[in-house]
Amino acid sequence: MIDRKFIGLKTPPRSVEVEKGQLRFFAKATGETNPVYTDEAAAKAAGHPAIPAPPTFAFTLNNLAPGKGPSWLSQMGVDIGNVLHGEQSFEYHRPIYAGDTITLAGRVTDIYDKKGGALEFIVMENDATNQKGELCVRMRAVTVVRNQGAQA
């Protein structure tokens with residue numbers, strides 16, 4: 001069982017610069033056809049200062065700005081081979097734009113189990129703030145940990 005003492009665990013802040021190419025690639029990969037997400041002139045004509053990030057792009061920032069040192073899962077003693085990304089949600093506060101430097105700061109907000117401990121759930125919130133210190137997106141992810149040998 002994952003020790004509940006890890007509720008409140010914070011990840012060290014990490015930063016990443018958002019690039020136009022990343023935004024264009026994400027838009028194409030997700031089937032986004034609105035030109036504001038791929039064309040700077042279209043974005044500016046729509047009132048944006050630069051190409052905005054498509055919805056859910058913020059999720060990729062975790063991969064673009066990996067942490068240094070042991071991961072929060074390894075700190076908890078979780079075997080990565082037993083995890084599943086169970087849920088993801090976004091709370092939008094302001095747009096992310098090409099050229100922004102986004103800083104991510106995460107915290108474990110809950111740990112609970114189901115099926116007699118056969119499944120454990122870790123709730124992680126990540127705040128993405130821009131270079132002005134403004135909250136852009138709060139992301140909430142639920143990681144499912146399968147405990148082999150636990151009775152369901």
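The values are calculated or read from the model by the stated rules, or taken from the named source; none is laboratory data. Predicted model, so just to flag it, every value in this text is computed and none were measured. Glycine gets a Cβ as well: all are built from the backbone with ideal geometry, and neighbour counts include every protein chain shown. Just the protein is used for accessible areas: all its heavy atoms, side chains included, with ligands, DNA and RNA removed. Shrake-Rupley method; radii C 1.70, N 1.55, O 1.52, S 1.80 Å.
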Query raised in the report: Hey, rough spin-label estimate for A105 and N63, points 7 angstrom out along Cα→Cβ, what's it come to in nanometres?
Result: 2.6
Query raised in the report: Taking every eigenvalue of the Cα gyration tensor of the stretch 1-43, multiplying by 5 and rooting it, what semi-axes result, largest first, whole Å?
Result: 37, 14, 8
Query raised in the report: Taking the Cβ of L23 as the center, what net charge do the other residues with Cβ under 15 Å away carry, scoring Lys and Arg +1 and Asp and Glu -1?
Result: -2
Query raised in the report: With Cβ to Cβ distances under 13 Å as the rule, what net charge do the other residues near D39 carry (K, R +1; D, E -1)?
Result: +2
Report summary line: For the stretch 1-80, the accessible surface attributable to carbon and sulfur atoms (probe 1.4 angstrom, ligands and nucleic acids excluded) amounts in percent to 56
Query raised in the report: Per residue, how much accessible area does the stretch 1-142 show when a 1.4 Å probe rolls over the protein heavy atoms, in square angstrom?
Result: 54
Report summary line: In terms of the charge dipole of the chain, which places +1 on Lys and Arg and -1 on Asp and Glu at the beta carbon, the residue among P55, A43, Q75 farthest towards the positive end is Q75
Query raised in the report: Any idea what % of Cα-Cα pairs in the chain are farther than 29 Å?
Result: 27
Query raised in the report: How far, in degrees from 0 to 90, does helix 20-29 lean away from the longest principal axis of the Cα atoms of the chain, to the nearest 10?
Result: 70
Query - Solvent-accessible ranking of H93, H48, largest area first, probe 1.4 Å - result: H93, H48
**Report entry** Proximal charge balance of F90 [Cβ under 13 Å; K/R count +1, D/E count -1]
**Finding:** -1
Query raised in the report: How many nm separate the modelled label positions at E17 and L84, each set 7 Å beyond the Cα in the direction of the Cβ?
Result: 4.0
Requested in this report: Report, in debye and to the nearest 20, how large the dipole of the stretch 20-152 comes out about its Cα centre when Lys and Arg carry +1 and Asp and Glu carry -1 on their Cβ.
Outcome: 160
**Report entry** Full-stretch length increase - A29, H48 - with 0.36 nm per residue and alpha-carbon distance subtracted
**Finding:** 4.7 nm
Report task. Could you name the lysines whose alpha carbon sits less than 29 Å from that of K28, not counting residues in the same chain fewer than 8 places away? Result -> K20, K44, K132
